[in-house]
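For reference, the structure discussed in these notes is given below.
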């Protein structure tokens, strides 16, 4: 079983109400080999919702309660994000997940790049909150682009 970002499995859970169905994940889903999670939705945020970014810091500082996640309207949604990421982590542990395929650029699921917190569509190197939690718990995390290079 592979943990995946729900949007990659075709669920319309992104901030804008869309999905990002990945063909390989779609096929794995048909075979019952994925566990799809959306930390934002699991934390109680609606779909659609205002886009959100980690403001002025990175996921590590959010986990240390030294930074926050805000939406474009300026609302602090840190607790919802942390709640959803922890719920997703617990599901991964319960299902003995060893590999996660997540969607880059998300405050939760980013593997390589994340928005810089300015809401100006600027990307920087960085990881999402769920990604850090999974890695800390020994779960390998890759982004959806790297999935095509794996022999699954």
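The values are calculated or read from the model by the stated rules, or taken from the named source; none is laboratory data. Remember, it's a predicted structure, so these values are computed and weren't measured experimentally. Cβ placement follows ideal geometry from the backbone for every residue including glycine, while neighbour counts extend to all protein chains displayed.
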For region 75-96, name all the residues that are surrounded by 20 or more Cβ atoms within 10 Å (Cβ to Cβ) and either touching a strand residue (DSSP E or B) at 6+ places or on another chain (Cβ under 6 Å) or part of a strand (DSSP E or B) (or both).
77, 78, 81, 88, 92
Within region 15-24, is there a residue that is surrounded by fewer than 22 Cβ atoms within 10 Å (Cβ to Cβ), outside any loop (DSSP other than H, G, I, E, B) and at pLDDT below 95?
yes
Residue 100: crowded, with 24+ Cβ neighbours inside 10 Å, free of Cβ contacts under 8 Å to residues at least 60 places away in the same chain and either part of a loop (DSSP other than H, G, I, E, B) or touching a helix residue (DSSP H, G or I) at 6+ places or on another chain (Cβ under 9 Å) (or both), yes or no?
no
Looking only at region 53-74, decide whether some residue is at pLDDT 95 or above, within 11 Å of the chain's Cα centre (by Cα) and part of a helix (DSSP H, G or I).
no
Out of (1) more than 24 Å from residue 142 (Cβ to Cβ); (2) in contact with a strand residue (DSSP E or B) (Cβ under 6 Å, 6 or more places away or on another chain), the one residue 66 does not meet is (2)
Restricting attention to region 105-118, does a residue exist that is in a strand (DSSP E or B), without any contact (Cβ under 8 Å) to a residue 40 or more places away in the chain and either touching a helix residue (DSSP H, G or I) at 6+ places or on another chain (Cβ under 8 Å) or under 18 Å from residue 7 (Cβ atoms) (or both)?
yes
